[in-house]
Amino acid sequence: MDDIAALEPDLAGRFEKALFFAEEGHVDPRVALVRLKERLLTLGGHIRLDHSVVEGQFDWTVDCTGMQARDTETALRGVRGEMILVRCPDVTLHRPVRMLHPRIPIYIVPRENHVFMVGATMVESDDSREITVRAMSELLNALYTLHPAFAEAEIIEANAGIRPSYPDNVPRVHCEGRRISVNGMYRHGFLLSPARAREVADIIFGQSV
Ligand SMILES: Cc1cc2nc3c(=O)[nH]c(=O)nc-3n(C[C@H](O)[C@H](O)[C@H](O)COP(=O)(O)OP(=O)(O)OC[C@H]3O[C@@H](n4cnc5c(N)ncnc54)[C@H](O)[C@@H]3O)c2cc1C
C-alpha cells in the first residue's frame with residue numbers, strides 16, 4: 001500500500017495490491033497525429049484528404065484505410081471500442097492506471113489539465129453508433145471505483161470507434177506488386193505503427209534501391 005501511495009498519492013489507502021510497470025509509456029494520439037503531420041510536411045511530404053488519389057500516379061501505394069479496405073482484406077472484422085473523456089481537477093494521476101476488470105480491460109489515462117481518458121470497451125461488432133448506456137455505465141463505474149472524487153468530474157466527450165482486426169488480432173503488412181497493405185492494428189494501432197512503418201520502409205527501400 002505504501003508503494004502505491006508513493007507512486008500515486010491520490011490513490012493512497014485505496015488499494016492493497018497493484019502491478020507497477022516502470023517502463024510503460026503512453027502517447028496522446030491526437031497530439032501525436034498533429035506532430036506527425038508537422039514532421040511529414042517539414043520533410044517535404046504532401047497531404048491530400050480528398051479521397052481522390054489515383055493509385056497509378058505513384059511509384060508505391062500504401063493502403064492503410066482500416067475497415068474501408070474490407071473489399072480486398074476480406075478477413076478483416078471490426079471490434080468496437082467506446083471511451084469517454086472527463087475533467088476532474090480534484091484527482092491527479094501520473095501514469096495510466098489499468099483496472100483488473102473481469103470483462104473489460106479498462107484503463108484511465110491522465111492527459112494535460114486534469115483531463116482523463118477512460119477506455120475502452122471491446123465489443124465484437126462493427127456497429128459504429130454512438131456510445132451505449134451500458135458502456136458509459138461501465139466506464140463511469142470503473143472511474144468511480146478508482147477514486148470517488150471522480151463523481152464530480154465533468155464528462156467532456158464520449159466516443160465510439162471500430163478497430164480493424166484480423167482473426168488472430170495481429171496486424172499484417174503485405175505487398176502485391178507496388179501496393180502495400182498495412183492493416184489489422186486492432187487495439188494497438190498507435191503503439192505498433194512505428195514497427196509496421198519500418199516494415200513498409202524495408203519493403204520499399206529494400207526493393208527500389
Ligand atoms: C476507443 C478506442 C481506444 C483505443 N485506444 C488505443 C490506445 O490507447 N493505443 C493504441 O495504440 N490504439 C488504440 N486504439 C486502437 C487504434 O485506434 C487503432 O488500432 C487504429 O486507429 C487503427 O489505425 P488505422 O490507421 O489502421 O485505421 P483507422 O484508424 O480506421 O484509419 C483509417 C483511415 O483511413 C481513412 N480512409 C479510408 N478510406 C480512405 C480513402 N479511400 N482515402 C483516404 N483515406 C481513407 C479513414 O477515414 C480513416 O481515417 C483504440 C481504438 C478505440 C476504438
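The table for this structure:
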read-out: Anisotropy class of the stretch 28-103 from Cα gyration tensor, a/c 1.5 cut; value: oblate
read-out: Selection from F15, V34, V86 lying farthest towards where the dipole of the chain points positive, charges on Cβ; value: V34
read-out: Local electrostatic count, M136, Cβ distance below 14 Å [Lys/Arg +1, Asp/Glu -1]; value: -1
read-out: Fully extended contour minus Cα-Cα distance, from Q68 to D28, at 0.36 nm per residue; value: 12.0 nm
read-out: R0 of 41 Å, Cβ-Cβ distance E152-L43: FRET efficiency to nearest 0.05; value: 0.35
read-out: ³J(HN,Hα), Karplus 6.51/-1.76/1.60, whole Hz, each residue of the stretch 81-93, x for Gly, Pro; value: x, 10, 8, 10, 10, 10, 10, 9, x, 7, 10, 10, 10
read-out: Distance between the stretch 150-192 and the stretch 1-61 - C-alpha centres, whole angstrom; value: 12 Å
read-out: Extension reserve of the R179-D10 stretch, reckoned as 0.36 nm per residue once the Cα distance is removed; value: 55.8 nm
read-out: Residue-count net charge about A158 - beta-carbon cut-off 10 Å; Lys, Arg +1, Asp, Glu -1; value: -3
read-out: Contact order relative to length of the chain, as percent, for alpha carbon pairs under 8 angstrom and 6 or more apart; value: 22 percent
read-out: Folded to 0 to 90 degrees: helix 189-208 orientation relative to the chain principal axis, Cα; value: 20 degrees
read-out: Only Lys, Arg (+1) and Asp, Glu (-1) charged, at Cβ; the chain dipole about Cα centre in debye; value: 340 debye
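Values in this text are rule-based calculations from the coordinates and carry no lab data. All values derive from a computational prediction rather than experimental measurement. Neighbour counts are summed over all protein chains in view; Cβ atoms, including those assigned to glycine, are modelled from backbone coordinates with ideal geometry.
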